[in-house]
Each structure stands twice: as C-alpha cells, then as structure tokens.
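The values are calculated or read from the model by the stated rules, or taken from the named source; none is laboratory data. Treat the numbers as computed from the prediction; the structure is a model and nothing was measured. Note that we place each Cβ from the backbone using ideal geometry, even for glycine, and neighbour counts take in every protein chain shown. Keep in mind that these areas ignore ligands, DNA and RNA; they rest on the heavy atoms of the full protein, side chains included. Shrake-Rupley method; radii C 1.70, N 1.55, O 1.52, S 1.80 Å.
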Amino acid sequence: MRVSWSKGELTFRLGADDEITGRAADDHPVKLATNSCSVAGVPEKAHPDLFAVAAWTVVAPWTRKEIVFDRAISPEVAAALHDGWGIEAGPVGAEARPAGANLAISYSGGADSVAAAAIYPDAPFVHFRRVPHPRVPNRWSHYRSDVLARLARRTGRDLTIVDSDLEFTLSEPRPGYPEHHAVAVGALLVADQMNLGGLAFGYELGSRWLGGDRYLLRYTPDNLMWAPHGAWGRLFAAAGVHIVLPVGGVSEAVTMRLALNSDLKDHVRWCLQGTDGPCRTCGKCLYKELIQAAVERRPLDTPFTADDPRVRKWLQPPPYGGQEMVEYGLARVPGIENTLFGKALEYFDATEESTSWLDHCYPPAIEEIPEPWREGTATFMSSKVGLMTEDEVRRVETWGAA
Ligand SMILES: [Zn+2]
C-alpha cells in the first residue's frame with residue numbers, strides 16, 4: 001500500500017499483496033469502491049504521524065503486508081502498526097509527536113456523544129460531516145449529514161466541522177467508515193493546531209466492554225478498537241492523541257439520561273434520516289425509543305406494530321445487538337408485553353434488580369482514562385451516576401459467559 005496526501009486529498013495505491021475486499025477491526029467485511037478521498041480544512045503542516053494515522057483509518061482494511069507513506073513517520077508509530085497489525089510501515093525517520101495538552105470531543109450529536117460532552121463542558125467539538133464524492137454516485141441521499149451539522153452548530157460550543165467524502169471509499173456494505181476510527185481523521189489532522197493530547201468518543205459500556213454492535217454477548221477487556229492497550233489505542237497514543245472514552249463505563253440508559261438532562265438536550269439527534277426531528281420509523285429510532293421509554297418510565301411510543309416486517313428480528317429469539325439494553329427496557333417499560341417487544345419477553349427473565357448494573361458506572365473504565373482527564377470523569381461519575389457494586393461489576397465481567 002502506498003499513500004499520499006496533497007492539499008487534503010488522500011490517494012492510495014494497493015500493492016500486489018493488497019485486496020479490495022477486507023475486514024475492519026471489528027471483523028466486518030468491507031469492499032473498496034475507489035482509492036481516493038478528501039478531507040476539507042487540512043493544514044499544510046502537521047506532524048507526519050498525524051497524516052499517517054489519519055490515512056491508516058481509511059486504508060487499514062485493504063492493507064496486508066506493508067505501507068509506504070509519503071513522508072517519514074516516527075519509530076513509535078511504525079512499531080504500533082507492526083505490533084497491532086503485523087504491517088511493515090515506513091519510511092521511518094521522524095521524531096515522535098508529544099501528546100498535546102487539550103482534549104476535544106468527536107461529536108456526532110447522538111445521546112452518547114452528548115453525554116461525553118456533558119462531562120467536559122469546556123472541551124471543543126470536532127464534527128465529521130459526510131459530503132458527496134466527485135466520482136461515486138450518492139445512493140444514500142436520505143442520510144441527513146446537513147441536519148446533524150446544523151444541530152452541532154446550535155450547541156454554541158467551540159466547533160470544527162470537517163467535511164469529508166471518505167465514506168464513499170466503501171462500496172459494500174454501504175458508504176461508511178472503513179474503520180470506526182475514520183470519524184477521527186479531521187481531529188487527527190488538526191491535532192497540532194488544537195494542541196490535542198486526547199480525543200473523546202461517545203463509545204459506551206456496550207461498545208467498550210460488552211462486545212458492542214457486531215460482536216455479541218462477550219466481555220471484551222482487550223477490545224482491539226477501544227482499549228488503551230488495543231491496537232488502535234496504542235496507535236493513537238503513539239501519535240500523541242489518546243483515545244478517551246468518558247462514557248465507556250456506563251450503559252446507553254445512563255448516556256440517554258445524561259443527554260436528556262444536559263444543556264445540550266435540545267440538540268440531541270441519533271437518527272440520520274429525519275429533518276425536523278427523528279424519523280421514528282428506522283431501526284435505530286425504535287431501539288432508542290425503547291431505552292428512552294425505560295429511562296422516562298413511560299409506555300413505548302412508536303408507530304411500529306408487531307406485524308411490521310421491519311421488526312421481525314424482535315420476534316426471533318436472541319441474541320440481539322445491544323441486548324443488555326433490550327433486557328433493561330423489557331424490565332422497565334410499562335405495558336411492554338402489549339408491544340412488538342412482547343415476544344422477546346419470553347426469552348428473558350429480566351427484572352429491575354437484574355438490570356440495575358446498567359444504571360451505574362464500571363470503575364475500570366475510569367481507570368483507563370488518561371491521567372489529565374481521569375479525575376474529572378471520576379468526580380462526575382461518582383456524583384452524577386454512582387459506581388457499580390462488586391456484584392454489579394461481576395455482571396459486566398461475566399457477560400456472555402452464562
Ligand atoms: Zn430514525
């Protein structure tokens with residue numbers, strides 16, 4: 001793999017060993033659509049490791065044996081690529097970038113990132129905005145990246161919006177980030193300008209410790225994507241931008257509650273389809289409605305009924321993505337037995353007591369936050385959320401083992 005940056009345009013050329021079908025770090029198969037993309041607002045000068053790590057978030061799934069950058073990288077970043085992926089990276093010859101003093105938040109506008117923002121009220125936002133690619137037709141015009149950017153602007157926070165078409169480098173399964181970390185390209189490239197030493201993401205307990213989305217039902221202390229000692233954590237740290245997960249110890253019920261109680265509550269939006277509000281009819285809206293109804297202790301409010309083919313998965317036995325939150329909702333939403341989730345009740349013995357661990361913070365998640373930002377998180381979690389008891393900690397650490 002050979003990559004080069006020119007005025008915000010990233011071009012990459014596959015080598016003989018590389019392939020256009022690959023797997024992202026979460027093992028999801030992805031297919032390449034085109035070999036260039038652009039990122040707006042990239043400074044002329046930034047540390048070469050920042051350019052290298054930003055490029056790696058796009059080209060990692062296609063790279064098999066080696067990568068050649070257009071400028072020399074530090075031995076630290078080369079080692080992180082070697083140890084994490086078995087990739088020979090070069091040329092090597094730059095001094096490592098020391099971590100900066102500041103923390104920025106990779107802000108999507110969803111409940112999880114709003115909750116992360118509530119913990120650090122002074123941290124600036126960097127928001128990734130999808131824009132069309134000049135050579136790839138946009139078959140996904142219902143995806144309202146413009147709406148999300150407008151909501152981010154209304155928060156009044158110090159905000160950098162980074163426009164990029166990098167999601168169109170994927171043809172399958174659909175346009176999207178080649179690696180989850182590609183959302184950070186903009187923040188990486190402006191990390192020198194903003195003196196960043198950390199970048200906070202809204203990944204919560206499920207994504208960090210319970211295997212999240214595409215992995216199911218498995219306690220994942222060594223999560224390759226989000227653990228500080230995982231391949232990605234070490235690579236970002238080598239470039240002086242630590243991955244920080246302020247809400248890594250709490251569930252989506254807690255992030256929902258924190259978001260809805262925060263100053264930013266009017267700007268929360270997890271749905272990528274609605275213009276004046278969430279669409280209410282996508283899978284994500286349904287899942288988040290279950291959580292919100294549980295948090296607000298009210299009946300489910302959704303246009304979906306049990307005979308809708310789009311909700312078929314909830315009539316099937318588990319596992320479900322975000323299963324811990326499904327159990328939490330089943331145990332708490334009044335009248336849930338008369339909704340489309342009624343069938344799922346048969347598969348669980350969920351009670352408020354058996355799901356109470358999802359209302360508290362898992363302490364090891366605080367311990368892995370880099371030192372400059374750890375104490376603020378610890379204080380926030382102790383006072384606003386509460387830490388898990390030993391029994392509750394055991395629920396996390398035996399998740400999926402039963
Ligand atoms: Zn929706």
Query raised in the report: Long-range amide H contacts for D192: which residues qualify at under 5 Å (H placed 1.01 Å from N, peptide plane, sequence gap of 5 or more or a different chain)?
Result: H47
Report summary line: To the nearest 0.05, the calculated FRET efficiency linking A101 and K45 through their beta-carbon distance, R0 being 22 Å, is 0.70
Report summary line: Taking Cα atoms only, Rg over Rh for the chain with Rh from the Kirkwood formula is 0.96
**Report entry** Label-point separation, L260 to T379 (7 Å along Cα→Cβ), nm
**Finding:** 2.8
Report summary line: Low-density loop trypsin sites (Lys or Arg not before Pro), segment 114-151, at most 16 other Cβ within 10 Å, DSSP non-H/G/I/E/B, are R135, R139
**Report entry** FRET E, pair D276, A16, Förster distance 56 Å, beta-carbon r, rounded to 0.05
**Finding:** 0.65
Query raised in the report: Which value in nm describes the separation of the simple spin-label points at V92 and R23, placed 7 Å from the Cα toward the beta carbon?
Result: 2.7
Query raised in the report: Within the chain, what percent of beta bridges assigned by DSSP are antiparallel, to the nearest 5?
Result: 40
Query raised in the report: Based on Cβ point charges of +1 for Lys and Arg and -1 for Asp and Glu, what charge dipole magnitude is obtained for segment 50-121 about its Cα centre, in debye rounded to the nearest 20?
Result: 100
Query raised in the report: Within segment 385-402, what residues put their amide N at less than 19 Å from the label point 7 Å along the Cα-to-Cβ vector of E353?
Result: 388-396
Report task. Measure off, as a whole percent, the carbon and sulfur share of the 1.4 Å-probe accessible area of the chain, all protein chains present. Result -> 48
Requested in this report: Quick one: go through segment 62-92 and flag any residue whose amide nitrogen is under 20 Å from the point 7 Å out along the Cα-to-Cβ line of R218.
Outcome: 84-86
Report summary line: Toy charge model, Lys and Arg Cβ at +1, Asp and Glu Cβ at -1: segment 257-402 dipole around Cα centroid in debye, rounded to 20, equals 620
Report summary line: Pseudo-spin-label distance S171 to H229, built 7 Å along Cα→Cβ, given in nm, is 4.1
Query raised in the report: Using unit Cβ charges (K, R positive; D, E negative) and no other charged atoms, how large, in debye to the nearest 20, is the dipole of segment 31-155 about its Cα centre?
Result: 820
Query raised in the report: Using the Karplus equation 6.51 cos²θ - 1.76 cosθ + 1.60 (θ = phi - 60°), what ³J(HN,Hα) coupling, rounded to whole Hz, does each residue of segment 32-44 give in order, writing x for Gly and Pro?
Result: 6, 9, 7, 10, 8, 7, 10, 10, 7, x, 6, x, 4
Query - Karplus 3J(HN,Hα) series, Hz, for segment 90-101 with 6.51 cos²θ - 1.76 cosθ + 1.60 (x for Gly, Pro) - result: x, x, 9, x, 10, 6, 4, 7, x, 4, x, 8
**Report entry** Amide H contacts of D163 (H built 1.01 Å from N, under 5 Å, at least 5 apart or other chain)
**Finding:** A40, R129
Query raised in the report: What FRET efficiency comes out for the pair A401/E66, r = Cβ-Cβ distance, R0 = 56 Å, nearest 0.05?
Result: 0.90
Report summary line: Pairs over 28 Å Cα to Cα, from K343/K384; K31/K313; K265/K313; K7/K31, come to K343/K384; K265/K313
